[in-house]
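Have a look at the structure below, then the notes.
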Amino acid sequence: MKSLLSLLAIIFLLFNFAWANYYDERDFKEIFLAEFKSRYKDQVGEIQLERFRVEATASVIPRGTPYKIEWIGNAKAGSNSAILIFRMKSAEEKIVRLWGYVEIRVPVVILKNNLASKTILTEDDLILESRELSRLPQDVIFRVEEVFGKELRMSLKAGTVLRNSHLNSPTVIRRNQEVEIIAKSKNLLVKAKGIALQNGKIEDLIRVKNLSSQKVIQAKVVADGIVEVSF
């Protein structure tokens with residue numbers, strides 16, 4: 001009995017040793033993930049392979065056999081497919097089809113507090129939290145610096161993932177407000193006082209009355225209480 005058990009143990013070890021010399025599912029999983037990371041262009045966030053499947057058996061491919069990989073579509077969060085093409089010593093090609101569901105967790109801007117419509121956002125209103133990229137809308141915001149000074153278009157609850165569609169640039173100049181008009185060229189800078197004839201946000205073109213000349217001009221809003229014209 002002991003001899004039989006010993007023989008079985010030896011056979012088992014030899015069997016595992018032989019199989020250890022061939023690619024297995026774990027190898028293909030590692031290849032898939034490494035190749036995905038090298039191909040993923042954004043290079044932002046934590047990449048995790050949530051689900052994986054080998055769609056063809058490849059037990060007869062020795063480890064170290066050279067291969068090339070062909071991806072179906074772009075590397076992205078969600079479902080991804082690829083084909084491994086192995087060049088055997090006999091010049092024969094063996095193909096292994098791989099599928100994996102990749103999740104990418106990225107930091108996004110989240111509201112810390114319940115905020116009312118028209119609130120001007122400050123650093124105290126915002127935090128960064130990790131979220132799954134495949135579940136996020138396209139206009140999600142990744143950097144808090146992008147939203148400082150922006151105005152909420154609607155009331156939002158704490159924990160809301162902030163989107164560009166939630167925001168407006170605030171009105172920084174009001175109709176009938178006194179403003180500073182800056183006119184500049186390459187070598188000249190002239191300043192004058194004026195009266196805004198329209199409300200304006202940053203980058204808006206508004207009508208302004210020059211108090212010195214009494215002329216109405218078009219000027220670009222560049223800051224709170226400041227407009228600019230070129231000449």
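Taken together, the values in this text are just the output of simple stated rules run on the coordinates, not laboratory data. Keep in mind that what you see is a predicted model, and the values were worked out from it rather than measured. Note that we place each Cβ from the backbone using ideal geometry, even for glycine, and neighbour counts take in every protein chain shown.
A few notes on this one:
- Taking Cβ atoms as reference points and 10 Å as the exclusive limit, the residues near F86 contribute a net charge of +1, counting Lys and Arg as +1 and Asp and Glu as -1.
- Rounded to 0.05, the FRET efficiency of the S38 and E92 pair, given R0 = 45 Å and the Cβ-Cβ distance, is 0.95.
- Neighbours of L115, meaning other residues whose beta-carbon lies under 15 angstrom from its beta-carbon, give a summed charge of +2 when Lys and Arg score +1 and Asp and Glu score -1.
- Virtual paramagnetic centre 7 Å along Cα→Cβ of E55, amide N under 18 Å, in the stretch 72-99: 72-86, 94-99
- Which labelled figure in [x] 36, 20, 15; [y] 30, 21, 17; [z] 65, 22, 12 is semi-axes √(5λ) of the Cα gyration tensor in Å, once derived from the coordinates: [z]
- Comparing V190, V102, V161 in a Gaussian network model of the chain, where Cα atoms under 10 Å apart are tied by springs, the biggest mean-square fluctuation is seen for V190.
- Mean-square fluctuations from a GNM of the chain, with a 10 angstrom spring cutoff on Cα atoms, peak among I104, I217, I69 at I217.
- Pair S230, I72: separation of 7 Å Cα→Cβ label points (nm): 5.1 nm
- The chain - mean residue ellipticity at 222 nm from DSSP helices (-39,500 (n - 2.57) per run, n ≥ 4, rounded to 500): -5000 deg cm²/dmol
- Counting Lys and Arg as +1 and Asp and Glu as -1 over every other residue whose Cβ lies under 15 Å from the Cβ of F32, the net charge comes to 0.
- For the stretch 128-228, applying the loop criterion from DSSP together with a ceiling of 15 other beta carbons within 10 Å to the GluC sites (Glu not before Pro) yields E203.
- Cross-link pairs beyond the 31 Å C-alpha cut-off, checked among K150/K193; K118/K184; K118/K193; K41/K118: K118/K184; K41/K118
- Chain lengthening between L128 and R174 when straightened (0.36 nm per residue, less Cα-Cα): 13.2 nm
- Two-site label geometry, M154 and L189: point separation in nm, points 7 Å out along Cα→Cβ: 4.3 nm
- Contact order relative to length of the stretch 124-231, as percent, for alpha carbon pairs under 8 angstrom and 6 or more apart: 20 percent
- Contact order for the stretch 15-103, expressed relative to its length and based on alpha carbon pairs under 8 Å spaced 6+ residues apart, stands at 32 percent.
- The C-alpha atoms of the chain define a longest principal axis, and helix 2-19 lies at about 40 degrees to it.
- Taking every alpha-carbon pair under 8 Å whose residues sit at least 6 apart, the chain reaches a relative contact order of 12 percent.
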